[in-house]
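Once you've had a glance at the structure underneath, I'll fire off some questions.
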Amino acid sequence: MQPGEKPSLEGRIALVTGASRGIGRASAIALAKAGAHVILVARTVGGLEETDDEIQKAGGSATLVPMNLRDFDAIDRLGGSIYERWGKLDAFLGNAGVLGQLTPLAHMEPKTFQEVLEVNLTANWRLIRSLDPLLRLSDAGRVLFVTSGAARKHIAFWGGYALSKSALEILALTYAVECEPTNVKVNLINPG
């Protein structure tokens, strides 16, 4: 690559969760602009379609996967579907997350606590299980999880979210060590 030349992701397959808005949407568009085919995962079909419209305007391509990340059976099937269509996965951005309720831990509804853990932690673990074999088929599999400063700060009323992001960091760091002897590299990003 020459100085000033942008890296090409031509022929690469990338999956982005939370792709209907915010960081996920911007990342998906950037990946597509760089040449990757992007698998867009989010709950809202309308948001996915808007992201896809932007990708198409930029000359990129995407596949839309409307999915609630609390549907663990759907996550388990996702890897097989990707394998059947593309035979590998080159990049996975675990971006989707929910804040839940800002409240004292002792007052948090169990249902809300469970939802935060299921989306922010358990879904990412299930995605690792489903996507790991595909990432290992890539010559340069890359995984990036979006964390938060809340994972390392002790802020009143943010307990459920902070706990889920702290656990996500340990999940990602452990997975990174397990992937050391492979072509798969795992990182965390805290957008601030």
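Taken together, the values in this text are just the output of simple stated rules run on the coordinates, not laboratory data. In this text the structure is predicted, and so the values were computed from the model without any measurement. Cβ coordinates were reconstructed from backbone atoms using ideal geometry, including for glycine residues, and neighbour counts include every protein chain displayed.
Straight-line reach from LYS153: which lysines fall under 18 Å, measuring Cα to Cα and dropping same-chain residues less than 8 apart?
LYS165
Using only helices, what value at 222 nm comes out for the chain when you add -39,500 (n - 2.57) per DSSP H run of length 4 or more and divide by the total residues, to the nearest 500 deg cm²/dmol? Walk me through the numbers on the way to the answer.
On the way: 6 runs with 83 residues, N = 192.
So the helix-based figure for the chain works out to -14000 deg cm²/dmol.
Please find the FRET efficiency linking GLN56 to ALA106, where r is the Cβ-Cβ separation and R0 is fixed at 35 Å, and quote it to the nearest 0.05. The partial results should precede the final answer.
Working: r = 49 Å, r/R0 = 1.39.
FRET efficiency, GLN56 to ALA106: 0.10.
Given a Förster distance of 41 angstrom, what is the FRET efficiency for LYS185 paired with ALA156, based on the Cβ-Cβ distance and rounded to 0.05? Please list the in-between numbers first.
Details: r = 36 Å, r/R0 = 0.88.
The value I calculate is 0.70.
Please sort 32-41, 122-131, 45-54 by packing, taking for each peptide the average over its residues of neighbouring beta carbons within 10 angstrom, highest first. List each step's numbers first, then the result.
Values: 32-41: 23.4, 122-131: 21.1, 45-54: 16.8.
Listed from highest to lowest mean packing, they are 32-41, 122-131, 45-54.
So what's region 1-102 giving for Rg/Rh, alpha carbon basis, Kirkwood Rh from the mean inverse pair distance? Show your work: numbers first, answer last.
Working: Rg = 14.0 Å, Rh = 14.0 Å.
Ratio value, two decimals: 1.00.
If you take every residue apart from THR112 with its C-beta less than 14 Å away from the C-beta of THR112, what net charge results, scoring Lys and Arg +1 and Asp and Glu -1? Please report the intermediate quantities before stating the final value.
Details: positive: ARG70, LYS111; negative: GLU109, GLU115, GLU118.
Result for the neighbourhood of THR112: -1.
Give the cross-link partners of LYS57 among the lysines, using a straight C-alpha distance below 17 Å as the criterion and excluding same-chain residues fewer than 8 apart.
Here the lysines satisfying the reach criterion relative to LYS57 are LYS33.
Match the structure shown to one of the listed values [x] 25, 24, 14; [y] 28, 18, 17; [z] 25, 19, 16 of semi-axes √(5λ) of the Cα gyration tensor in Å, computed from it, and give that label.
Matching the structure shown: [y].
Same structure, new question: Does anyone have the angle between helix 123-137 and the longest principal axis of the chain? Alpha-carbon axes, 0 to 90°, nearest 10?
So the helix axis and the longest Cα principal axis differ by about 20 degrees.
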